[in-house]
Amino acid sequence: MTGVPPLVDGFGRIHTDLRISVTDRCNLRCTYCMPLEAVFKPREELLTFEEIARVADVAARLGIRTLRLTGGEPLLRRDLPKLVRQLVAVPGIDEVAVTTNGLLLAEQAAGLRDAGLARLNVSLDSLGEAGFERIARRPGLDRVLAGLEAAKRQGFPEIRINAVSIRGLTEADILPLTRFCRREGFHLRFIEFMPLDAEEAWDPSQVLSGAEVRRLLEREIGPLVAERTDDPGQPAIDYRWVDGGRVGFINAVTRPFCDRCDRLRLTADGQVRNCLFSTVEWDARRLLRSGGDDEALTTLIRDCVAAKRAAHGIDTPAFERPARAMYQIGG
Ligand code: SAM
Ligand code: SF4
């Protein structure tokens, strides 16, 4: 919007993407994310749809253009399509997307599409029931596959599949998953394992790098050609096979993209964060519930962006894990 300075941090990074977590609850217990015995926030601490839409509206006036709903498992939040509809209507927002584990997608794909959802990311690490349960610690592979089918029928463009790569855990799943995605026309992206697991078992030796996965794919399937992107905030490096199919790598640990990061986050309990690895949060919920006006919310968002660090520093001795795990922040 004219006259409003963009959301720029101390390193010149302009923020245009807001990740909104709508719940910390989940119907899976992925080892890299949640503890087996999770304790969730009381419902009254979660932002209401009206509160979320208000933050989105103020953020859009500051230059946020894309909204990604996540969690926990966002499809567990009752009436999610209603929120999507509200967010699609926010002036300035170009695209609303959802990242889901897909378990409830078969039931909800049509409602989400009707509400104006532009994009779907579905997380899937294994195509074998045993592998799925080893990672997710609950069953559900058949439901995810049914969800993907339903999403395809609804005509979602380019459905993305996110798969976390963990040494000693996911190697055997890489080729079957890749072949499945090529066959079905899904855009697979491998994500490096980040130190955000609730059980704090992460160790650098478990990081199966995107480069290693790519070498395996090139050896077993065929040479990959890097794609050019015009989106500077794009965290993934995408490749194509000459005979069809795309695959991407989010090398968050071995090749951090912090210097291009354009993301801001809102947790389900209303805390604004400038990084997944941030150890500080800005309390939008308190402001919203104590009658704070849009100007106060603008200041809070700008302060949060201004305080963003240059990089997450996972590879530095000074790295400090955030107090909250992935499911509590929103990936
Ligand atoms: N429940 C939804 C899902 O699984 O898609 C949305 C939330 S989940 C936290 C968002 C994404 O974060 C998923 O693709 C998941 O695989 C990824 N993720 C979770 N923990 C991670 C970790 N420690 N390192 C890398 N990616 C992680
Ligand atoms: Fe749930 Fe997604 Fe975390 Fe798995 S990655 S436990 S599905 S929030």
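The values are calculated or read from the model by the stated rules, or taken from the named source; none is laboratory data. It should be emphasised that the depicted structure is a prediction, and the values quoted were computed from it without experimental measurement. Virtual Cβ from ideal backbone geometry, glycine too; neighbours counted across all protein chains shown. Keep in mind that these areas ignore ligands, DNA and RNA; they rest on the heavy atoms of the full protein, side chains included. Shrake-Rupley method; radii C 1.70, N 1.55, O 1.52, S 1.80 Å.
Assorted remarks:
- Degrees separating the helix 210-220 axis from the principal Cα axis of the chain, which is the longest one: 30
- Computed helical MRE - 222 nm, the chain, DSSP H runs ≥ 4 contributing -39500 (n - 2.57), nearest 500: -9000 deg cm²/dmol
- The chain: angle of helix 105-114 to the longest principal axis, Cα-based, in degrees nearest 10: 50
- For region 172-272, Kirkwood radius (reciprocal of mean inverse C-alpha pair distance, Å): 15.2
- In this simple spin-label approximation, ARG183 and GLN234 carry label points 7 Å from Cα along the Cα→Cβ vector, and these lie 2.8 nm apart.
- Take the chain with all the other protein chains still there, run a 1.4 Å probe, and you get 43 Å² of accessible area per residue.
- Given their separation in residues at 0.36 nm each and the Cα-Cα distance between them, LEU216 and ALA306 gain 28.3 nm when the chain is fully extended.
- For ALA130, net neighbour charge (Lys/Arg +1, Asp/Glu -1) across residues whose Cβ lies under 14 Å away: -2
- Taking 0.36 nm per residue of sequence separation and removing the Cα-Cα distance, the VAL4/ASP293 pair yields an extension gain of 102.3 nm.
- Sequence of VAL4, VAL58 when ordered by accessible area, the most exposed leading, probe 1.4 angstrom: VAL4, VAL58
- Count Lys and Arg as plus one, Asp and Glu as minus one, and take only other residues whose Cβ is under 15 Å from that of ARG321; the net charge is then -4.
- Most to least accessible of VAL225, VAL39 (protein chains only, probe 1.4 Å): VAL39, VAL225
- Quick note on region 200-241: its Rg to Rh ratio, both from C-alpha atoms and Rh being the Kirkwood radius, is 1.09.
- With a cut-off of 19 Å on the backbone N, the residues of region 217-234 near the modelled label site 7 Å out from ILE14 along Cα-Cβ are 229-234.
- For region 132-144, the Karplus equation 6.51 cos²θ - 1.76 cosθ + 1.60, evaluated at θ = phi - 60°, returns couplings of 4, 6, 5, 8, 7, 6, 8, x, x, 4, 4, 6, 5 Hz by residue, with Gly and Pro reported as x.
- Value of relative contact order over region 17-329, rounded to a whole percent, pairs C-alpha under 8 Å and six or more apart: 19
- Computed over neighbours whose Cβ is under 12 Å from that of GLU295, the net charge equals 0, Lys and Arg +1, Asp and Glu -1.
- More than 21 Å apart - percent of Cα-Cα pairs taken over region 1-157: 50
- Computed with a 1.4 Å probe on the full set of protein chains, the accessible area for CYS33 sits at about 20 Å².
- Those Cys residues of the chain for which no other cysteine Cβ falls under 4.7 Å: CYS26, CYS181, CYS258, CYS261, CYS275, CYS304
- For the chain, fraction of C-alpha pairs farther apart than 28 Å, in %: 39
- Helix 49-61 vs. the chain, principal-axis angle (Cα, 0 to 90°, nearest 10): 80
- The value obtained for region 136-229, namely the Cα convex hull volume divided by the number of residues, is 138 Å³ per residue.
- Cα-projected label distance for ALA172 with ALA38, points at 7 Å along beta-carbon direction, nm: 2.6
- Only protein atoms count toward the accessible area here, which uses a 1.4 Å probe; on the chain, the carbon and sulfur part of that area reaches 52 percent.
- The listed residues ILE301, ILE191, once ranked by accessible area (1.4 Å probe) with the largest placed first, stand as ILE191, ILE301.
- Approximating the spin labels as points 7 Å out from Cα along Cα→Cβ, the ARG134-to-ASN27 distance works out to 2.5 nm.
- The relative contact order of region 195-331, computed from alpha carbon pairs under 8 Å that lie at least 6 residues apart in sequence, is 23 percent.
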